[in-house]
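The values are calculated or read from the model by the stated rules, or taken from the named source; none is laboratory data. These numbers were taken from a predicted model, which means no experiment stands behind them. Virtual Cβ from ideal backbone geometry, glycine too; neighbours counted across all protein chains shown.
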Amino acid sequence: MKPLKTKKKNTILFSYLWSMPSLLLICLIVIFPIIYTGYISLTNMNVYHWFTYDLIGLKNYREALLVFDSGFIPALLLTILWTVVNMVLQLVIAYVLASLLNTKGLRLRNLYRTLLVFPWAMPGYVSILLWKTGMFNSQFGLLNQWMEKLGFSPIKWLAGDGIAFICCTVVNLWLALPFMITIIDGALQSVDQSFYESALLDGAGWIERTVYITIPSIRPIIAPSVIITIFTTFKQFDVIYLMTQQAGAKTGAHIHTILTYAYENAFITNNYGYSSAVSIVIFVILIIFSYVINRKPKEEV
Amino acid sequence: MKRIIASLLSIVMLMGLLCSCGGKSQGLTEEERNIIVIWHDKEEAVAEALLTELQNSLPEVDIRLEYKSNLTEALKMVGNDPKAAPDLYFFAHDKIGVYAEMGILEPITELIAKEKLENACVGITLDAASYKGEIYQLPIYFETLLFMYNRLYMADEKVPETTEELYAYMEEKTHGGHYGFVEQHSTAYYSAGWIHGFGGYIMNGEGKPGLNMPETMAAMEYHKKFVELMPGESEYATVNTLFQEGKAHSTIGGPWLVSASRAAGMDLGIAPMPVIDESGIPVSPYMGVQGVQVLKYAAENKTDTVKKVLDALMQPEVGIVLAKVSGCAPAVKACYEAEEVISDDVVMAMRETAENTIPMPNCPEMDIMWTVAADMLVNINMSGQDVKESCEAAQKKAEELIDKMQ
Amino acid sequence: MKGKEWKEKGKLLLINLLLIVVCFATLVPILYAFSVSLNEQNSLLGSDFSFIPQRITLENYRKVFVEEPVLLWLKNSLLLAGVTVTVSLCTGIPAAYIFSRKRFPGRSGILQTLILLYAFPSLLSMTALYKLLSPMGLINTRMGLIIVYTGTMAVFALWNMKGYFDTIPVEIEEASMIDGASPIQIVMKIVLPLAKPAIAVTAMMVLIYVWNEYIFAINFMTGEDAYTLAAGLYSLQANETSGSWPVFSAAALVVSLPILVIFFALQKNMASGLTSGGVKG
């Protein structure tokens, strides 16, 4: 009895010892800011009390919940729509492209792969700037130059809500697809070919193979990346803000996700305590959201 | 499980400990006191000229002029941390209120006698640099927006003197990809000129927003017809490219546009702002004073060196050299005795215009107004919303957000 | 048989065509940047654009290398990326392996919590991290940035590699255990070679993150000499009043080139290491 117990204890010690460096880094860089934000959210740290702030209890939370007024619900709904549209398109397109890249006998596979990840090789703000000024600009943008050549009148791509939403989605897909393609591409290669061979013998078609073999096989591998991408998409700020709302370059479109909404209604006040409370509230909303869509975060064993 | 919690807790406590025991600096060595770090966000030409001037007059001081992107945000973050904060920073006067309230700025009069400052500098620059009765900035040069035109299209005698003349010109010339006049019509900094021209304001000196004033609304209503004859995009790149490529005949722009346009070979003219017919006041954009602010830590621990640097910065040579590279008006009066300044038409036009306009408010509340006012402008100019409703809503929003600052 | 072969060939041709079209569509903005970078005039915007500019010049590329300290930034980026990738793998692989293979109290709780951390909006994390690093004297040091980068990517590294380890059948390890190999030997000799694709992908992700990150780099580092490529590029365009579009475009392309070369070279390793054996799941 005793040796077994010691062995178990040893396993625990061993496990924590080996994963300690990684967990410690996560504590420092990821968890500490959350705890710190939580702490600041209980204080009155702002421009007038930058160094001499005091604990003031839940006052910031009371005000933070007031922010979530009439403008907040549309922003939340839009964020959900944005997340769903982007994730569905991203997964479908990435899956199709990754499957094509894995076609047997494709000689230029590596070249295609490298070209497809090009958007990834540039810092995000450079890409967004390039799209905004190079592609969508209504005076000089490439799209309007093409429109003109085709005999259409120029379009203000980023001015209307609907069209700006589509443009932002295009840019977001452009930025995010390389990651998804790489992940799915890698996962596809780990699928055991013998499964397909037996399926082929059974006369299964492409769709059947996809649904019954490929997707179940790659799901555990891509699940963490997909969940992480869902969160990043939900929290997306740069694309929408830089494309349509950047200070000095607003385009007239009113597409607000909860993060851009929180930015305009809280972060610009320089009230750090209050902004922290808003951050924590968004954090909680997102966690609830993730539980609603998926009772238990995927951890396949 | 208990052990996990215990170990996690101890990590958190360890981190807390590490954070709280941030070293109070023990006195600086002679050598450290001789280093002056200055943050700035200026173009390379201005920075180089400034550094050369300082090095020439103070060879014994180790001056480090460091370019900092996102300077204003970085300063909020580093606060007064002697390990990371600069000793001085070179920036516009409009953020003084924020940093003064944060408690990281030293009033400049602690280092230079007030009388000396008042004798040396152009009055309006010191007014701009004052917050709650204290002067926080040593002004170096000041700037504002100017009316610029391309002589290829607009002859000197055709330059509009009133806004109605400007509108007539725009109506006549705006077609086929050409524009009579362009400006960044939906940003607060550019549109402030129109609002001031009607006697309204975005925010007054006491930190009170004025977006729902009848004057502001009148300005917005009047301005709309001009916007209709301008491109839909209002951001810097579009407006300036149109002007520099010769697609727009005239514009409102800052001094930086002067050198760029001349370098591109344009015969550029500069004229006074057109007068608004209804009010008789010219379009009056904001004035900004670029100058040096001193952080508290440096003022207390490097007093002598900082004083030396400030003295060197007040020499007329510095103002003259910087005026030439930046196209702005020097803040030190003595500069205007130099032939090279008097003969420079851009610099003189700048002084003329800037002295008769309104400095940007420097109170912390102004940080909010840039965003709220821009939202309002976009709603009116680009989304076609009702002027009165938009102004009222923006005023309410501004008041709410100001409330939330505390 | 002949007919089938033709059918296969036709299918391949079609797939090739499709991929070429997709690649071209992806590259449009980049080709645009390339064209601008070859342009003599200082304009990103121009009303008469063509993919091949009328007057080609390499002057902008010369400027990038001569007038901006790009080589210094490149050195900084390479150093930071190299160390961060190494530290990420050295800490991530053991953790991922343990979480995949061992069962211990707190395991699934930690795994699930880690992924939920991604739900935190990190707009305010900068100041918190500053408060953390400054007392340790890590502001304005490469060390500080490396810690931030490694920590930021640690959750991804752990989860991504753990997911792949899960698919490697435990029987392979058990067989060698019986042969008398030590746990460390097993990991080094058997698991790592099998997990090469996941490790390569993780390394690539960390590399790309470090390469493109600029917010921490400009806020935690002062002075042009300490910048990474992404931070330097940011400072080139941040000052829009004096910026030069062609030089900026040229710099952007120069920055992305090393990543593409490394990605291309790593392709071999991203291919599956699993030649036989099943998938757990």
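What tally of residues in the stretch B:372-393 results from selecting those that are in contact (Cβ under 8 Å) with a residue 60 or more places away in the chain and at the interface with another protein chain (Cβ under 10 Å from one of its Cβ atoms)? The qualifying residues number 6.
Each residue in the stretch A:21-62 was checked for being assigned to a loop (DSSP other than H, G, I, E, B) and over 31 Å from the mean Cα position of the chain (by Cα), and 8 pass. Here residue B:319 meets each of (1) within 14 Å of another protein chain (Cβ to nearest Cβ); (2) within 30 Å of residue B:78 (Cα to Cα); (3) surrounded by 21 or more Cβ atoms within 10 Å (Cβ to Cβ) with one exception, condition (1). Residue B:73 meets the conditions (1) in contact (Cβ under 8 Å) with a residue 24 or more places away in the chain; (2) within 14 Å of chain A (Cβ to nearest Cβ); (3) under 30 Å from residue C:137 (Cβ atoms); (4) surrounded by fewer than 19 Cβ atoms within 10 Å (Cβ to Cβ) in every case but one. The failed one is (1). Condition (residue is assigned to a helix (DSSP H, G or I), in contact with a strand residue (DSSP E or B) (Cβ under 6 Å, 6 or more places away or on another chain) and in contact (Cβ under 8 Å) with a residue 24 or more places away in the chain) applied to the stretch B:201-219: is it met by at least one residue? The answer is no; no qualifying residue exists. Being among the aliphatic types (A, V, I, L, M), outside any helix (DSSP H, G or I) and more than 14 Å from chain A (Cβ to nearest Cβ) is a property that residue B:140 has.
Filtering the stretch A:219-238 for residues that are within 14 Å of chain B (Cβ to nearest Cβ), touching an Asp or Glu at 6+ places or on another chain (Cβ under 7 Å) and not acidic (Asp, Glu) leaves an empty set.
Note on the stretch B:143-159: residues that are free of Cβ contacts under 8 Å to residues at least 40 places away in the same chain and not in a loop (DSSP other than H, G, I, E, B) total 2. Set side by side, the residues B:327, B:384 differ, and just one is on the phi > 0 side of the Ramachandran plot and more than 15 Å from the chain's Cα centre (by Cα), which is B:384.
When you check residue C:160 against the structure, is it out of contact with any Cys (no Cβ under 8 Å at 6 or more places or on another chain), within 7 Å of another protein chain (Cβ to nearest Cβ) and outside any helix (DSSP H, G or I), yes or no?
Working: out of contact with any Cys (no Cβ under 8 Å at 6 or more places or on another chain): yes; within 7 Å of another protein chain (Cβ to nearest Cβ): yes; outside any helix (DSSP H, G or I): no.
Spelling it out, it is not the case that residue C:160 is out of contact with any Cys (no Cβ under 8 Å at 6 or more places or on another chain), within 7 Å of another protein chain (Cβ to nearest Cβ) and outside any helix (DSSP H, G or I).
Just so you know, in the stretch C:111-139 the residues that are of a type in the set (A, V, I, L, M, F, W, C), more than 9 Å from chain A (Cβ to nearest Cβ) and without any contact (Cβ under 8 Å) to a residue 12 or more places away in the chain include one that is surrounded by the fewest Cβ atoms within 10 Å (Cβ to Cβ), and it is C:136. Checked against the criterion of being within 26 Å of residue B:70 (Cβ to Cβ) and either assigned by TED's automatic domain parsing to the domain that holds residue C:78 or in contact with a Gly (Cβ under 7 Å, 6 or more places away or on another chain) (or both), the candidates C:111, C:138 yield just one match: C:138.
For the stretch A:23-41, the criterion of a residue being more than 9 Å from every other protein chain (Cβ to nearest Cβ) and surrounded by 18 or more Cβ atoms within 10 Å (Cβ to Cβ) is satisfied by at least one position. Criterion first (assigned to a helix (DSSP H, G or I), within 8 Å of another protein chain (Cβ to nearest Cβ) and surrounded by 15 or more Cβ atoms within 10 Å (Cβ to Cβ)) does residue A:18 satisfy it? Yes, satisfied. Filtering the stretch C:97-110 to residues that are in contact with a Phe, Trp or Tyr (Cβ under 7 Å, 6 or more places away or on another chain), touching a residue at least 40 places away in the same chain (Cβ under 8 Å) and within 8 Å of chain A (Cβ to nearest Cβ) leaves only C:97. Sub-8 Å Cβ pairs linking a first residue in the stretch A:172-185 that is free of Cβ contacts under 8 Å to residues at least 60 places away in the same chain and more than 10 Å from every other protein chain (Cβ to nearest Cβ) to a second residue that is of a type in the set (Gly, Ala, Ser) and part of a helix (DSSP H, G or I), at least 6 apart or interchain, number zero. Of the helices (runs of 4 or more DSSP H) entirely within the stretch A:93-160, those holding at least 3 residues that are within 23 Å of the chain's Cα centre (by Cα), in the same structural domain as residue A:172 (by TED's automatic domain parsing) and closer than 30 Å to residue A:214 by Cβ occupy A:109-116.
Contact map, the stretch B:250-272: first residue at negative phi, second residue surrounded by fewer than 18 Cβ atoms within 10 Å (Cβ to Cβ) and modelled with pLDDT of 90 or more, Cβ cut-off under 6 Å, separation 6 or more or different chains; pairs are B:267/B:151; B:269/B:151.
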